[in-house]
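Trainee: Take a look at the following structure, please.
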Amino acid sequence: MATGKLIGSGTVGTTSILKDYFRLSKFTADATGNVTEIKVYGTANGNAKVAIYADNAGAPGALKTANNDSQAVTANQWNTLTIGSTYLESGVVYWLAINFDIDSVMQTRTTGTGTDRYKSAAYSGFSFPDPAGSGFTTGTRAYNIAGWGVLVLSPSSIVQPIALGTPSLLYPLFISPSSIVQPISIGTPTVKVPIFILPQSIVQQILIGSPIITRYVYHVILDGQYASETPRINRTYIVGKDQSGNSVYGSAIESSEVDLVGERLDFQQEVAVPTESQAASMASAILAKMRLTKARGVILIPPNCGQELFDVVQISDSGANQSAISFRVVGIRFEYNPKQARYDHRLILGAS
């Protein structure tokens, strides 16, 4: 990291000034960086306190940083005083402030070479106020004081080759180098599944608004047979025995089926069932098994590589009065016959 003078005067002054004053000298920052040191030149041994203020319409404003502790100054040399790190920007006006306890601890350049503010303030117990306040006398001197620190380099442009391979794009697109964090605006495209993004070597966030995802989920039914019946049993009653030999009971009912065809009751005695809760669970399991028999069928479709057993499919076949009826695939059979030019998928359907 480069260090150097960021603001202030590097020229030794010729005019001595008096102690016990709150003094500020106006400067424009020469460079951008973080000031960590204040350097002053004087002709007497003493102590000083230093600070940096922001500018407010040509006058000292808010306190940016200060060191209210006494720091020794040695005569006839540049003295380095520490200060809290603060960021200064090139071309911006700031005020370097100081107070010292011995006359001539600091000097200034000839009158008319700068702008300063000063007012009486006893050094002992003094702390830099925030903001600087009012009541200053205006002068035209530039103090021999400067701020030093770490320079911040800000390049005005970046020249960098971009390797994008041969991307496949279906709409206008603006590409930024992968090393620059910047969103890419591509409007609201229609994206079709599957999606291939090329090239894969670019790692970059892409904002695509609210894309419309189109899925190909419809398949032609070449032939079909369906049956939708009411279950043989729509209410069941289980009778078991507990450990003491007493009867326990449990029941389950399919109310919607009872409303359609009336009650189809089934009694079963299961002496191995010892509690009412288990009897009720068994009754529910029997009705669940009955539900699996209410819908069944078989359809013939072109081969579908994504079809798997136990998938739930929705059938719409106007010729068979089927409109978005759900079935579960309980069997799959390929039929391939070159002589008959047949290559079909036969799906065996059950209730979903």
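Trainee: Does Gln77 satisfy the condition of being assigned by TED's automatic domain parsing to the domain that holds Thr137, under 18 Å from Thr15 (Cα atoms), without any contact (Cβ under 8 Å) to a residue 60 or more places away in the chain and not hydrophobic (A, V, I, L, M, F, W, C)?
Mentor: Against the criterion (assigned by TED's automatic domain parsing to the domain that holds Thr137, under 18 Å from Thr15 (Cα atoms), without any contact (Cβ under 8 Å) to a residue 60 or more places away in the chain and not hydrophobic (A, V, I, L, M, F, W, C)), Gln77 qualifies.
Trainee: Conditions: (1) crowded, with 17+ Cβ neighbours inside 10 Å; (2) in contact with a strand residue (DSSP E or B) (Cβ under 6 Å, 6 or more places away or on another chain). Ala44 meets all but one. Number of the miss?
Mentor: Result: Ala44 fails condition (2) only.
Trainee: Here is a further query. Can you run down the residue pairs with Cβ atoms below 9 Å, 6 or more apart or on separate chains, where the first is in segment 1-21 and part of a loop (DSSP other than H, G, I, E, B) and the partner is at pLDDT 90 or above and surrounded by fewer than 13 Cβ atoms within 10 Å (Cβ to Cβ)?
Mentor: Partner pairs satisfying both residue conditions: Asp20/Ser120; Asp20/Ala122; Asp20/Ser124.
Trainee: When only residues in segment 93-106 that are under 16 Å from Ile17 (Cα atoms) and buried (at least 21 other Cβ atoms within 10 Å of the Cβ) count, which is nearest to the chain's Cα centre (by Cα)?
Mentor: Taking segment 93-106 and keeping what is under 16 Å from Ile17 (Cα atoms), we get 96-106.
Keeping just the survivors that are buried (at least 21 other Cβ atoms within 10 Å of the Cβ) gives 96-100, 105-106.
Values: Leu96: 41, Ala97: 43, Ile98: 45, Asn99: 48, Phe100: 51, Val105: 54, Met106: 53 Å.
Among those residues, the one meeting the criterion is Leu96.
Trainee: Please pick out the residue among Ala272, Ala341, Ala279 that is free of Cβ contacts under 8 Å to residues at least 60 places away in the same chain, more than 24 Å from Ala227 (Cβ to Cβ), surrounded by 11 or more Cβ atoms within 10 Å (Cβ to Cβ) and of a type in the set (A, V, I, L, M).
Mentor: Values: Ala272 fails: surrounded by 11 or more Cβ atoms within 10 Å (Cβ to Cβ); Ala341 fails: surrounded by 11 or more Cβ atoms within 10 Å (Cβ to Cβ).
Of Ala272, Ala341, Ala279, the one residue that is free of Cβ contacts under 8 Å to residues at least 60 places away in the same chain, more than 24 Å from Ala227 (Cβ to Cβ), surrounded by 11 or more Cβ atoms within 10 Å (Cβ to Cβ) and of a type in the set (A, V, I, L, M) is Ala279.
Trainee: Could you count how many residues in segment 266-315 are within 49 Å of the chain's Cα centre (by Cα) and under 30 Å from Leu222 (Cβ atoms)?
Mentor: Result for segment 266-315: 20.
Trainee: Of the numbered conditions (1) surrounded by 13 or more Cβ atoms within 10 Å (Cβ to Cβ); (2) touching a Gly at 6+ places or on another chain (Cβ under 8 Å); (3) at pLDDT 80 or above, Phe128 fails exactly one; give the number of that condition.
Mentor: Failed condition: (2).
Trainee: Which one of Gly319, Gly306, Gly331 is in contact with a Leu (Cβ under 8 Å, 6 or more places away or on another chain) and not charged (D, E, K, R)?
Mentor: Gly331
Trainee: Name the strands (runs of 3 or more DSSP E) wholly within segment 180-261 that hold at least 3 residues that are more than 30 Å from Arg296 (Cα to Cα), at pLDDT below 85 and not aromatic (Phe, Trp, Tyr)?
Mentor: The strands (runs of 3 or more DSSP E) meeting that bar are 190-192, 212-214.
Trainee: Would segment 1-14 turn up any residue that is of a type in the set (A, V, I, L, M) and within 21 Å of Gly125 (Cα to Cα)?
Mentor: no
Trainee: Now a separate question. Just for segment 320-344: of the residues that are polar (S, T, N, Q) and on the phi < 0 side of the Ramachandran plot, which one is nearest to the chain's Cα centre (by Cα)?
Mentor: Ser326
Trainee: Hey, can you tell me all the residues within segment 56-90 that are among the β-branched types (Val, Ile, Thr) and within 16 Å of Ser25 (Cα to Cα)?
Mentor: Across segment 56-90, the qualifying residue is only Thr65.
The values are calculated or read from the model by the stated rules, or taken from the named source; none is laboratory data. Note that the coordinates shown come from a computational prediction; the quantities given were computed from them, not determined experimentally. We place every Cβ from the backbone using ideal geometry, glycine too, and count neighbours over all the protein chains shown.
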